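In what follows, a structure is listed as structure tokens, so that the remarks can point back to it.
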Amino acid sequence: MSHELPKAYDPSEIEERWADTWVRERLFDVAADSAAHASSASFTELLPPPNVTGRLHMGHMLNHTEMDILTRWHRMRGDLTVWVPGTDHAGIATQMMVERQLASEGTSRESLGRVAFEQRVWQWKELYGGAILDQMKRLGASVDWSREYFTMDERLSRAVKEAFVRLYEQGLIYRGAYIVNWDPSAKTAVSDLEVVHEERAGKIYHIRYPLADGSGSIIVATTRPETMLGDTAVCVNPADERYTALHGKRVRLPLSGVHGGPDREIPIVTDDWAKPEFGTGAVKVTPAHDPNDFGIGQRHQLPSLSILDESAHVALPGSAYHGLERYTARERILEDLKALDLLVEVKDHTLSIGTSQRTGVVIEPRLSMQWFLKIEPLAEKAIRAVEEGHIRFTPDQYRKTYDEWMHNIHDWCISRQLWWGHRIPAWHCACGQLTVARETPAACAACGSTAISQETDVLDTWFSSGLLPFTVFGWPEKSLDRDRLYPTQLLVTGFDILFFWVARMIMLGCHFMLEEPMADGSPRTLADSVPFREVYIHGLVRDADRQKMSKTKGNVIDPISVIERFGTDAVRFTLASMASPGTDIAFSEERTDGYRAFANKIWNAARFVFMQAQRAQEAGVAIHLASLPAALQAGLDEPLETRWILTRLHQTAGTVEQALGNYRFDEAANAIYQFFWGELCDWYIEIVKLRLEFGEGADLAAAGRALHTLLAVLEAALRLLSPFMPFITEEIWHALWSLCGAPAAPAKSIALTRYPQPADASADPASVAAMEQLQQMIVAIRAARKESGVPEKEAVPVRIFGAEDVVTLTQANTGLLARLARVSEVSYASAALTGEGTRSTAHFDIAVVYERQIDVAAERERLTKELAKLEKGLAAAEKQLGNEAFMAKAPAHIIEGLRKQSAETKMLYDKTRAAMDALPTL
RNA sequence: GGGCGGUUAGCUCAGUUGGUUAGAGCGCCUGCCUUACAAGCAGGAUGUCGGGGGUUCGAGUCCCUCACUGCCCA
């Protein structure tokens, strides 16, 4: 009993079934020892770990589609292929999520306490953390689930601790009070990268500060008047002559008195940072709340006065503003300044404001004690790794972006004041000693006190994810995985995490792995220390109008819902076909609909082939599926269409091979699309119908050969397509192998078969030229028929004029002309054909013999247009050929080509002219 | 302010080191239910390659400039 495909293509049923099967059968797991012994090339990829709180969006879908195409391609080429999935604990995001949940229950993390809160987050993770990976399975991602990780896993946590301690021991981690970006909502420091700068309309205020000696005043300009409570100086440019007389004087800072005491006196200092042309040329200096002012403060030994607490409320006991939120404080201060007549001017001003990437609130620069990673020694190696070509970027332009950033990098603030994350392995003692250790110490290393407490800060999430390329393979332990799978081959990601993640992995990978010997014990070079050898950066998925998707705009496309409507295969193919390196993707449903139609086309082509196989078997023709590889090799005695389709398969495999090697998903997808639909379905299947004659007296041997070619080409085309459309190809492929009732497919999955290589199919370039000639002729006849008003079904006689090769070709393929162009009879003319119902090319003329009148006016219009076009081409060619410089300098093949083309154009022009003249005048 | 892209058919995009008369999909127009597929088949229309200048025998492709537009960094 042969496997029958249902008449209707229904992706949802097929896809869910196979997605489950692939995971259940663990098809893409690679055992560690098989990895060690494999002699083939390895292809390892790390999935950019989605946040455990995440939901799949179109960006993931693009990323996963591209990675999966490459993974499946490499696997089918026989490489040792490992794609490692996992999720990121996502410090702030997850903590916020759980805190929100707690709030809805009327409680908070503070009332729960740290330990209980952490437990609560783990519970949350167990319940909801798998959502995004479940969604991934629906995409068909062929990952190695046996290697799945979570960044807070015991094993990875140990590695994180080890990395931290080593960096500390190497003097690369230090702790200190600096101005950091403070998120007053999450109440934690964040790194420079987590601050999003945006332009906002604001105001600049000119405020008069009276001189302490009563001799006058100085006017400072500021966009943040509330910070004046923390001013410890006023600064002017030393070269600014307006203020020379004030150098060294002091001002009395308005509103700064506490407990009814006097206002503070602060000095006027000179520093180049004050720009004479900005505002009044005099700026207030608030070292505790502005990074630039902090610099001035350090240069002039000014005190730092913190006046805002961790939630950005004024913290200045005894002050009238104590306890006010920062913007309320601003209003009150402005009112009071006005009342004192100290607010000189208020002007509109566009200011660049930093907001928190996670919470969206305005970042408050704040002086606080934090842990930093000294970045320059790491950056140096990371720069060199790319410079020396150990890591290649595609598109190449990102190399420059990377380089630029790496050269202007600042120390990385790695501590976060959160409860969810890798807690920093450092212990404080009352004696002031800090103990950094791999294992929890029993006592203070300096004074022996057991009253030590662990640092409350946790590490930036990106610190642990930056280590992943080696920690997932077991670092710091030695392991087979590490020897065999590091460095990974490729990283596929969006540019948005180029700095967050890609750059950090490079720095940390080069730093840590350089110390690790190779599998054979030899020292590792920088080339083998890199976390990956290639980085492919894809664009953004936008909506159909090229708008960025955002929740506020309400134009977010949910991949799962699109998948439900069109099928995963169609969505994958859409993304692949539009994924041209360096460009964003405007995701359109119309286009997706088109690729669902493509899937449907494939489905029906398969149904057709299977029906033919059934017919053949009923007629007693045996089908030998084992002979399919041999059927891809055709001798010159095979029919033209056989040699042609095999040649095209050969060429298409080559195009796809090259395209995928260059990350040209679009070219690869389009080549397969064109081959499958435009050639296999539109031409080959139509032609082969002629051969599939299993009736009485038919040539069953020839029909059997044609059927085997058809089966072989279909089977190869499915393999070619399977990385792009894994589900439908899997379904049809299995159906194909059960055709003869022999249920043994050569593999558990099409994904575990061999990817078609050009040499798998024989190539006969002459067949392509001949076939093109025939195609042109058929198209010409169809057009002429239409123009003469021949009903679709009616067969008509055709006259042909052409050289001997044309005659030979048509004579050998009359059946083909009859079937595809409904030609009842061919006769040959001895002279060029003109007149009604005629079509000409440079090589032949055809005329349909049909008595009905054609639309002379329309025909005249068509010919006129045609003539104009030919004339233009002819003129251009003649001008070129008449150009002595061109003739002298252009390469021979160009000249030759142009000559040939010019001659053909001339011939066609004459024919068209004649056809025009032959039209009856009105 | 510094840097990097983009501008090609109605729409979304290709166009390899400059080389013959610029392509695809969708959409549009016309005719067909030809039993694998109407989610289809066949035929057809559509471009001063953003403007200007330059290099070259030859420019969509290289250079300069202007305009518009997007992004990154400060």
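The values are calculated or read from the model by the stated rules, or taken from the named source; none is laboratory data. These numbers come from a predicted model, not from an experiment. Glycine also receives a Cβ, built like all others from the backbone with ideal geometry; neighbour counts cover every protein chain displayed. Remember, those area values only see protein heavy atoms, side chains included, never the ligands or the DNA or RNA. Shrake-Rupley method; radii C 1.70, N 1.55, O 1.52, S 1.80 Å.
Just a few scattered comments:
- Among the trypsin sites (Lys or Arg not before Pro) found in region A:683-790, those both in a DSSP coil and sparsely packed, with 16 or fewer other Cβ atoms within 10 Å of their Cβ, are A:K748, A:R754.
- Sites A:N662 and A:T244, calculated FRET efficiency, Cβ-Cβ separation with R0 60 Å, nearest 0.05: 0.40
- In Å², nearest 10: area of A:E376 left accessible to a 1.4 Å probe: 140 Å²
- Helix-only [θ]222 nm of chain A, DSSP H runs n ≥ 4, -39500 (n - 2.57) each, per residue, nearest 500: -13500 deg cm²/dmol
- Under a 5 Å amide H cut-off, with hydrogens placed 1.01 Å from N, A:S319 pairs with A:H259 among residues at least 5 apart or on other chains.
- Tilt relative to chain A, helix A:726-737 - C-alpha long axis, 0 to 90 degrees, to 10: 40 degrees
- Spin-label pair A:Q674-A:Q775: with each label point 7 Å from Cα along the Cα-Cβ axis, the two points sit 0.9 nm from one another.
- Burial order of peptide ranges A:308-314, A:914-920 (average beta-carbon count within 10 Å, highest first): A:308-314, A:914-920
- The residues of chain A present an accessible area of 43 Å² per residue when probed at 1.4 Å with all protein chains retained.
- Nearest-20 debye value, chain A charge dipole, Cβ charges on Lys, Arg, Asp, Glu: 460 debye
- Qualifying chymotrypsin sites (Phe, Trp or Tyr not before Pro) for region A:135-203 [loop in DSSP, other Cβ within 10 Å: at most 11]: none
- Over chain A, the alpha carbon radius of gyration divided by the compact-protein estimate 2.2 N^0.38 Å works out to 1.26.
- Between the Cα long axis of helix A:589-618 and the first principal axis of chain A there is an angle of about 40°, rounded to the nearest 10.
- Share of carbon and sulfur in the accessible heavy-atom surface of chain A [1.4 Å probe, %]: 51 percent
- Mean separation of Cα contacts under 8 Å (6+ apart) over length of chain A, as relative contact order %: 12 percent
- For chain A, cysteines whose Cβ has no other cysteine Cβ within reach (under 4.7 Å): A:C235, A:C413, A:C510, A:C681, A:C740
- Axis of helix A:568-578 versus longest Cα principal axis of chain A: the two differ by about 80°, to the nearest ten degrees.
- With K and R counted +1 and D and E -1, the other residues having a Cβ less than 11 Å from that of A:D309 yield a net charge of 0.
- Each other residue within a Cβ distance under 9 Å of A:A821 adds +1 if Lys or Arg and -1 if Asp or Glu, for a net charge of +4.
- Amide H contacts under 5 Å for A:I219: A:Y209, restricted to partners 5 or more places along the chain or on a different chain, H placed in the peptide plane at 1.01 Å from N.
- Here region A:459-593 yields Rg over Rh of 1.11, to two decimals, using C-alpha coordinates and the Kirkwood radius.
- Centre separation in Å (Cα based) which lies between region A:287-344 and region A:715-742: 70 Å
- Ignoring lysines fewer than eight residues from A:K381 along the same chain, the ones with Cα atoms less than 22 angstrom from its Cα are A:K400.
- Evaluating 6.51 cos²θ - 1.76 cosθ + 1.60 at θ = phi - 60° for every residue in region A:304-317, the Karplus couplings come out as 10, 10, 7, 10, 10, 8, 5, 10, 6, 9, 5, 10, 8, x Hz, glycine and proline recorded as x.
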